[in-house]
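Enquirer: Structure in structure tokens, see below.
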Amino acid sequence: MVPVKPRISVEYAENAVIITFTDEKILEEKDIQALQESVMSVVEQAERINIILDFCNVRFLSSAVLGLLIRVSKKIYEQDGKLKLCNINPKIYEIFKITRLTKIFDIYEDVESAAESLSAED
Amino acid sequence: MVSKVVESTPSAIEGVCRRILSELEAKNFNQDGIFAVHLAVEEAFLNALRHGNKMDPNKEIKIDYLVSGEKIEIFMTDEGNGFDPDVVPDPRCGENLYKPEGRGLLLMRSYMDVVEFNERGNSVRMVRYKERPRLKKNLNQTQV
């Protein structure tokens, strides 16, 4: 596990880079900006990168974080990479459902099933 | 009615929000209700800050709230020119789904039982009942 700035931890697995949000609440503009810079610095490390975003610690977020996810996903897809989200708690998942972002993000129950889906797609 | 005036900075809502949530806990609102009010207050504040006061540190945001055993009522007022909530595009439709912004109002409407604006459009009134009307619950789950 390699710590990258304060707000994420990064693990390099066999077929994906697993980025875990370490904060329980992601709210403030400057936190979201810092988070985006941290995630983008990982995304930009390689073309065709596979990223798994792990929300296991996140208990609350605002719509500004949804914007961050969309910007990150665009960057990953521009690089022909893949993005999977996982470990989203039910209250947060409801936000994804209401905004219909469940249609544009691949969401899995845990890191293992997200990684398996990437293996199946390769 | 409790009245607070805060400056137009992203962290200014934190203290007010904490007080509102602790009052909800004291009145035995359940965790879903507390989550909903928290989200709606954050989204309303973000709208007031960004779109209303346009991040101008010289402008203020007024928050009035009243928590009872039955409901919470919140007013949030900025110093901007206001907007027409009826012309805000639906973020769930077409290309809007891929835009990074524009979901705050949808979330406020989904998580609160009443969301209405004054004529100028610079002040929002939101209500969430402790026991939610069944119709509203079903409405939230409806896919349009």
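The values are calculated or read from the model by the stated rules, or taken from the named source; none is laboratory data. What you see is a predicted model; the values in this text were computed from it and never measured. FYI the Cβ positions are ideal-geometry reconstructions off the backbone, even for glycines, and counts take in every protein chain you see. For the accessible areas, the whole protein counts, side chains as well, though only heavy atoms, and no ligand, DNA or RNA atoms are used. Shrake-Rupley method; radii C 1.70, N 1.55, O 1.52, S 1.80 Å.
Enquirer: List, please: which pairs have Cβ atoms under 8 Å, are six or more places apart or on different chains, and start with a residue in segment A:93-122 that is touching a residue at least 24 places away in the same chain (Cβ under 8 Å) and end with one that is among the acidic types (Asp, Glu) and crowded, with 18+ Cβ neighbours inside 10 Å?
Expert: Between residues of segment A:93-122 that are touching a residue at least 24 places away in the same chain (Cβ under 8 Å) and residues that are among the acidic types (Asp, Glu) and crowded, with 18+ Cβ neighbours inside 10 Å, the close pairs are A:Val111/A:Asp54.
Enquirer: May I pose another question? Yes or no: B:Arg92 within 14 Å of another protein chain (Cβ to nearest Cβ) and either over 26 Å from A:Pro90 (Cα atoms) or open to solvent by 60 Å² or more (accessible area, probe 1.4 Å) (or both)?
Expert: So B:Arg92 does not fit the description; no.
Enquirer: Take A:Ile26 and decide whether it is of a type in the set (A, V, I, L, M, F, W, C), closer than 26 Å to B:Ala12 by Cβ, at pLDDT 95 or above and surrounded by 15 or more Cβ atoms within 10 Å (Cβ to Cβ).
Expert: So A:Ile26 does not fit the description; no.
Enquirer: Only helices (runs of 4 or more DSSP H) wholly contained in segment A:32-122 count here; list those with 1 or more residues that are closer than 30 Å to B:Asn47 by Cβ.
Expert: A:63-78, A:90-98
Enquirer: Another question, if that's okay. Kindly indicate which of A:Ser113, A:Ser38 is open to solvent by less than 30 Å² (accessible area, probe 1.4 Å) and either touching a Pro at 6+ places or on another chain (Cβ under 7 Å) or not aliphatic (A, V, I, L, M) (or both).
Expert: Going through A:Ser113, A:Ser38 in turn, the sole match is A:Ser38.
Enquirer: Looking only at segment B:68-99, how many residues end up being small (Gly, Ala, Ser) and touching a Pro at 6+ places or on another chain (Cβ under 6 Å)?
Expert: Number of matching residues: 0.
Enquirer: Now, a different point. Anything in segment B:11-60 that is without any contact (Cβ under 8 Å) to a residue 24 or more places away in the chain and basic (Lys, Arg)? List them, or say none.
Expert: B:Arg18, B:Arg19, B:Arg50
Enquirer: Filtering segment A:13-29 down to residues that are closer than 8 Å to A:Val58 by Cα and in a loop (DSSP other than H, G, I, E, B), which residue is farthest from the other protein chains (Cβ to nearest Cβ)?
Expert: A:Thr22
Enquirer: Restricting attention to segment A:67-89, and to residues there that are surrounded by fewer than 20 Cβ atoms within 10 Å (Cβ to Cβ) and polar (S, T, N, Q), which single residue is nearest to B:Gly104 (Cα to Cα)?
Expert: Checking each candidate, the answer is A:Asn89.
Enquirer: Shifting gears a bit: Identify all residues within segment B:54-70 that are in a loop (DSSP other than H, G, I, E, B) and under 20 Å from B:Val115 (Cα atoms); write none if there are none.
Expert: B:Ser68, B:Gly69, B:Glu70
Enquirer: Which residue out of B:Glu79, B:Glu95, B:Glu73 is part of a loop (DSSP other than H, G, I, E, B) and at pLDDT 95 or above?
Expert: B:Glu79
Enquirer: Any idea which of B:Phe29, B:Phe35 is outside any helix (DSSP H, G or I), under 18 Å from B:Met112 (Cβ atoms) and open to solvent by 10 Å² or more (accessible area, probe 1.4 Å)?
Expert: B:Phe29
Enquirer: Same structure again: Specify which of the listed residues (A:Phe96, A:Phe105) is within 14 Å of chain B (Cβ to nearest Cβ), under 26 Å from B:Leu49 (Cα atoms) and not aliphatic (A, V, I, L, M).
Expert: Step by step, each of A:Phe96, A:Phe105 is checked, and only A:Phe96 is within 14 Å of chain B (Cβ to nearest Cβ), under 26 Å from B:Leu49 (Cα atoms) and not aliphatic (A, V, I, L, M).
Enquirer: Related question: Limited to segment B:44-53, what total is found for residues that are buried (at least 24 other Cβ atoms within 10 Å of the Cβ) and within 13 Å of chain A (Cβ to nearest Cβ)?
Expert: Residues meeting the conditions: 3.
Enquirer: Those residues that are under 14 Å from A:Leu83 (Cβ atoms) and open to solvent by less than 30 Å² (accessible area, probe 1.4 Å), I need them from segment A:41-59; list them, please.
Expert: A:Val42, A:Val43, A:Ile49, A:Asn50, A:Ile51, A:Ile52, A:Leu53, A:Asp54, A:Phe55 - these are the residues of segment A:41-59 that are under 14 Å from A:Leu83 (Cβ atoms) and open to solvent by less than 30 Å² (accessible area, probe 1.4 Å).
Enquirer: Any residue at all in segment A:71-92 that is out of contact with any Ser or Thr (no Cβ under 8 Å at 6 or more places or on another chain), more than 11 Å from chain B (Cβ to nearest Cβ) and of a type in the set (Lys, Arg)?
Expert: Checked against the condition, which is being out of contact with any Ser or Thr (no Cβ under 8 Å at 6 or more places or on another chain), more than 11 Å from chain B (Cβ to nearest Cβ) and of a type in the set (Lys, Arg), segment A:71-92 yields at least one hit.
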